[in-house]
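What follows is a set of notes on a single structure, which appears directly below.
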Amino acid sequence: MALNRKFVSGVLSGILVGLAGCAHAPQVNRSNPDPDALVYRWNEGEVMHYRLQAYIKAPRVMRFYSSENLDARVIEMTMGLELDCIPEALELREHDWICNVHRVQLGGQAFPGEQSKLDEIFVEYAGLLNDAYLQVDMRLDGRVDGIDLEGFSKDNDREQLRYEYLRLLVSRAFSGLDLQLPANGDGAFPWRQGGSPLAMRLPTRFGTAGGVRVTHELMGVEGDIVSIQSVGEGTVSSGQSIDSGMNNAVMMSMIGNATFDRAAGVLLTNEINVQGALNTSSSGAGDGFFLSQYLLVQKVDSWDEDVEAVEAVEAVEAVEAVEAVEAVEAVEAVEAVEAVEAVEAVE
């Protein structure tokens, strides 16, 4: 019995020491040590810079609200979002991210007579997002379980409504990062994405119901960089249509092309095109509804590249300005000489 007690005590001590070490050491997904495997290998605390872009055209779906008594219907819009994302400690099968907003740009076309209101709303949205941060529930296989926004007031009903639309916008832009990798990292055969991919959801705060199928396939390998193609289709409806009893089923299709770094275990780029149209049997099929989304994700090493690009443009503009001044001065000099010669000829 004494031996057993010592054995149990030793085991428990080892477990406690191991747990203590895990609690403080930076963690990374080591579920598959094979360097050729398709697995995410995010490092706890390591900053990843992502530039996200989204173009959305959905004339009968989008409407945005400000904190005051202001709203506008939107025909199409664009969004640029630059994020500094930091994976937190690994918990069970999730690696939650905290993403700080580095820069945001919003623009769009409103319904006739509502453009000034939309511009004012987007100015408010951009200001809020610049001070906000994202909390993203990321599964180890790359699926996004949820996105939350923090850093601004959501106290009253109007602010809560505004928050829902801001979260909707961010989710649209984040769709390109929602790419599930195959089980066990084996990309020898096509694999399906589980759940409801963000890119195949309708741009509405009322939620999306229905069935979609998204399949990924490894298309090429060049060193550590692999190319992945995504194809999706399905039929969905907004929660509002279901609640109201309307038959407004939207047929969705998607095509995407991504690049992934196997050595680093990170997504480098993803370009997604999504199209949707009402089913011919839908009650609103004759109203001309359609949905078009273009999503782009790019991982960058740092934002210093932007500074260098701006400085390069400014340098070129400075040279052009100097050349323009010199050209004007040359013309003026010629004109002055011609004027002198004309005076001398008269004399």
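Taken together, the values in this text are just the output of simple stated rules run on the coordinates, not laboratory data. Quantities reported herein were computed from a predicted structural model and do not represent experimental measurements. All Cβ positions, even for glycine, are placed from backbone atoms using ideal geometry, and neighbour counts span all protein chains on display.
Give the order of Ser237, Ser153 when sorted by the count of other beta carbons within 10 angstrom, beginning with the fewest.
On the way: Ser237 21, Ser153 11.
The most exposed by this proxy come first: Ser153, Ser237.
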Q) Sorted by packing (mean other beta-carbon atoms within 10 Å per residue), highest first, where do 196-207, 139-150 land? A) 196-207, 139-150
(Q) 7 Å from Cα along Cα→Cβ at both Thr235 and Val123: what's the point-to-point distance in nm? (A) 4.6
Q.
Please compute the modelled spin-label separation between Asn100 and Asn257, points set 7 Å along Cα→Cβ, answer in nm with one decimal.
A. 3.5
Q | the stretch 137-266: C-alpha gyration tensor shape, a/c 1.5 cut-off, then a/b vs b/c | A | oblate
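How do 257-270, 174-187 rank on mean C-beta neighbours within 10 Å, highest first?
Most protected by this proxy first, the peptides run 174-187, 257-270.
Report the extension gain between Phe111 and Leu268 in nm, rounded to one decimal, defined as 0.36 nm multiplied by the number of residues separating them, less their alpha carbon distance. The partial results should precede the final answer.
On the way: separation 157, 0.36 × 157 = 56.52 nm, distance 3.63 nm.
Full extension of this stretch gives 52.9 nm more.
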Q: Rounded to the nearest 0.05, what FRET efficiency do Ser153 and Gln275 give with R0 = 35 Å and r taken as the Cβ-Cβ distance? Could you check?
A: 0.45
Q: Mark the label point 7 Å from the Cα of Ala209 along Cα→Cβ and return the residues of the stretch 247-265 whose backbone N is within less than 14 Å of it.
A: 247-250
